[in-house]
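Here the structure comes first, spelled out in structure tokens, and everything after it is commentary.
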Amino acid sequence: MQRDLIIVGYLLLMGAIIVVCDILFFRDLLWWRLGFNIAVVAIFAIVYLVFLRGILK
């Protein structure tokens, strides 16, 4: 149960970072916004696979 809450919090944090940066910085820059969103998702996936997957078993 605690593992699920940590994963949900992790995904909510990722979503919040994407939304806030899209609104504040990349409002009219479609390709920059798309690239940033892909980079953020990739970074969160790498951090999860390298660090959190072993901890949350």
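Where a number appears in this text, it was derived from the coordinates with a stated rule and is not lab data. Quick caveat: nothing in here was measured; it's all calculated off a predicted structure.
Return one number: the angle in degrees, 0 to 90 and rounded to the nearest 10, between the long axis of the Cα atoms of helix 2-24 and the longest principal axis of the Cα atoms of the chain.
Compared with the principal axis, the helix lies near 10 degrees.
Enter the mean projected area of the convex hull around the alpha-carbon atoms of the chain, in nm², rounded to one decimal.
The directionally averaged projection comes out at 3.9 nm².
Run lengths n ≥ 4 of DSSP H only: what is the helix-derived mean residue ellipticity at 222 nm for the chain, with -39500 (n - 2.57) per run over all residues, to the nearest 500? Don't skip to the end; give the middle numbers.
Numbers: 2 runs with 41 residues, N = 57.
Theoretical 222 nm ellipticity from helices: -25000 deg cm²/dmol.
In degrees, nearest 10, range 0 to 90: what is the angle between the Cα axis of helix 30-47 and the longest Cα principal axis of the chain?
So the helix axis and the longest Cα principal axis differ by about 10 degrees.
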